[in-house]
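Student: Okay, handing you the structure first.
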Amino acid sequence: MNRRSFLRTAAAGIAVSSLPRFSIAQPANTRVLRFVPQANLTLLDPIFTTAAVTGNHGWMVYDTLFGVNAKLEAKPQMAEGYTISDDGRMYLIRLRDGLKWHDGEPVRAQDCAPSLARWAARDTFGQTVAKVVDNWGVADDRTIRVALKQPFPLLIYAIAVQNSFMMPERLAKTDPFKAISEAVGSGPFRFLKDEFVAGSSAAWARFDGYVPRQEPAEWTSGGKVAHFERIEWKVIPDAATAAAALQNGEVDWYEQAQTDLVPLLRKNPDIVIAPSNPQGYIGGLRFNHLHPPFNDVRLRRAVLTAVNQEDYMRAIMGDDHSSWRVCRSQFPCGTTYGTEVDLPVQQGDVETAKKMIKEAGYDGQKAVIINPTDFPTIGPLGDITYDLFKKIGINVELQATDWGSVVQRRATRETVEKGGWSVFHTWFTGGFVLNPVVTAPFRGVGAAGWFGWYENPKTEALTQEWLDAKDDDARKRIAAAIQSENYAQAPTVTLGQFQIPTAYRKSLAGKLEATGPMFWNVRRV
């Protein structure tokens, strides 16, 4: 899934080499937190991919210039503060004293400026910012100077609310469209590359050189105090095995508990069940817009007509309607822009969809669905679509792999004959599609945009109007116009809104509310 879109440490006194390696049967202790992630970690670069599992890794390793609190207000993090010129076109961001990279080198503005540039090349909101940036520059070793072509009042907010991770200059200057494999940051934990086994386990050690802010931790802002010496992830694809490990105390935290196992876990007095993300999740079916068959908007509209959100929600969440809802909106229902459309779409009209496909002159081009076998809140979505495509007359092939392979493969732009894809499924956190400027699955950026590479100049022009709007009423009208255009073009099909439970041992205290797991502040009691 996709990026959360948000946003020390006392001396360990023990050498990393002397710390215990992960063992599923090893009992929990006060030095090590053992965690079952939502999926396999394969990509280590949180700028290259929006996969949430990579973002979770990124929040441990990297820090950001600004974070956000629970009200989504920007707060200085690596930054000491900032100033803006009278004309609104020059920002000077001053770094806190004493920041270090995990290799011991000091953090400099010369690292952060290219980090911002790399982030802005890939992030959807960042790409919008980049259009008005004249230069991501440096005033001195501790001062970043951002020169704008015109005022952009949301600059600091954009940096704060997205995963704008800072990296050393040598990594920050890597082509943003190529993934880096070296994870060196300045965050509260160091990635232990020698212990990384993709598909099995990963580990991080507390970074003794990290100096936390002297403020309470809140979401991605405040003091990031690492109480555990090690964080260990164990990839356990089988949900029942993961739940058993949690019940037995072999792991401390199960990021996303499968819905049908929650009643059993609730019976254990030592386990806490809570929402994993206060913003909730939106299921999504994403088309590849570069190649047949879904470069033809008529076929995308046919699929939009045939989709019944209830089928998808029941497949991943079961019959307990309290954990999910139908939401026929591009934006999360219940939020500022989450107005449901009054259109004959997403109503499971298979017969009409079959007619639409025939009228489009579809001649049987193969549609390849890439689908994970190890992700219980995504895999069933692909199964439903596979069955739906057969019903409406699309020549479909389901290619099942692990989620890490899906994440890697969705970045290819080749045709299906050369290893490409036609459709993949995922879910978005509510914050990932909260408003027109951040909603990557619906922005019309094209080749530089989100996987699927949807291009729509009209959507982009409307998004700029939304940014320039002077009041909330105008922004709501523009957001509604953007949604109408996207329902006409169907770049992505939403599949319902839901909440995924997280489960952890009651012995953990201080777990932060956020859009995903944060490993600072939490401790064992």
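Student: Can you flag which of K366/K391; K355/K390; K358/K458 are past 21 Å Cα-Cα? Before the final figure, lay out each step's value.
Tutor: On the way: K366/K391 15 Å; K355/K390 14 Å; K358/K458 28 Å.
With Cα atoms farther than 21 Å apart: K358/K458.
Student: I'd like the distance between the alpha-carbon centres of the stretch 210-242 and the stretch 443-496, rounded to an integer number of Å.
Tutor: 35
Student: Taking the Cα centre of each part, how many Å lie between the stretch 369-421 and the stretch 112-159?
Tutor: About 36 Å separates the Cα centre of the stretch 369-421 from the one of the stretch 112-159.
Student: Let me ask you something else. Return P(r) of the stretch 280-334 (all Cα-Cα pairs; 10 Å bins starting at 0; whole %; ordered from short to long distances).
Tutor: 20, 44, 28, 7
Student: If each DSSP helix of 4+ residues adds -39,500 (n - 2.57) and the sum is divided by the residues in the chain, what number results at 222 nm, nearest 500 deg cm²/dmol?
Tutor: On the way: 14 runs with 136 residues, N = 525.
Using -39500 (n - 2.57) per qualifying helix, the result is -7500 deg cm²/dmol.
Student: Which ³J(HN,Hα) values in Hz, rounded to whole numbers, follow from the phi angles of the stretch 264-278 under the Karplus curve 6.51 cos²θ - 1.76 cosθ + 1.60, where θ = phi - 60° and Gly and Pro get x?
Tutor: The phi angles translate into 5, 5, 5, 6, 8, x, 8, 10, 10, 10, 8, x, 7, 7, x Hz.
Student: When only alpha-carbon atoms are used, what values of Rg and Dmax, in angstrom, describe the stretch 63-177?
Tutor: 13.1, 39
Student: Using 1/(1 + (r/R0)^6) with R0 = 41 angstrom and r between the beta carbons of A509 and L92, what's the FRET efficiency to the nearest 0.05? Spell out each step's value before the answer.
Tutor: Working: r = 39 Å, r/R0 = 0.96.
Result of the calculation: an efficiency of 0.55.
Student: Could you state the principal axis extents of the C-alpha atoms in the stretch 315-456, from the largest down, to the nearest angstrom?
Tutor: Reported extents, whole Å, longest axis first: 42, 35, 34.
Student: Apply the Karplus curve 6.51 cos²θ - 1.76 cosθ + 1.60, θ = phi - 60°, to the phi angles in the stretch 92-97 and return the couplings in whole Hz, x for Gly and Pro.
Tutor: Once rounded to whole Hz, the list reads 10, 10, 9, 7, 5, 6.
Student: Could you tell me the extents of the stretch 137-259's C-alpha atoms along the three principal axes, largest first, rounded to whole Å?
Tutor: 56, 34, 33
Student: Relative contact order of the stretch 281-498, please, whole-number percent, based on alpha carbon pairs below 8 angstrom and at least 6 residues apart.
Tutor: Values: 419 pairs, mean separation 74.6, N = 218.
Taking the mean separation of contacting Cα pairs over the length of the stretch 281-498, I get 34 percent.
Student: Can I ask one more? Suppose R0 equals 35 Å; then what is the FRET efficiency for A488 and D320 from their Cβ-Cβ distance, rounded to the nearest 0.05? Walk me through the numbers before you get to the answer.
Tutor: Values: r = 34 Å, r/R0 = 0.97.
Efficiency, rounded to the nearest 0.05: 0.55.
Student: How many angstrom lie between the C-alpha centres of the stretch 286-313 and the stretch 53-103?
Tutor: 39
Student: Taking every pair of alpha-carbon atoms in the stretch 243-352, give the share separated by more than 18 Å as a whole percent.
Tutor: Numbers: 3802 of 5995 pairs.
Beyond 18 Å sits 63 percent of the P(r) for the stretch 243-352.
Student: Describe numerically, in nm with one decimal, the distance between label points set 7 Å from Cα along Cα→Cβ at A448 and at R298.
Tutor: 3.3
Student: Relative contact order for the stretch 63-177: what is it in percent, counting Cα pairs under 8 Å that are at least 6 residues apart? Could you put the intermediate results ahead of the total?
Tutor: Values: 224 pairs, mean separation 37.7, N = 115.
That works out to 33 percent.
Student: Please flag any cysteine in the chain that has no other cysteine's Cβ under 4.7 angstrom from its own Cβ.
Tutor: Among the cysteines of the chain, those whose Cβ sits 4.7 Å or more from every other are C112.
Read-outs throughout are calculated quantities, based only on the coordinates presented, and are distinct from any laboratory measurement. All of these numbers come straight from a predicted model, not from anything done at the bench. Cβ sites come from the backbone with ideal geometry, for glycine too, and all protein chains shown count toward neighbours.
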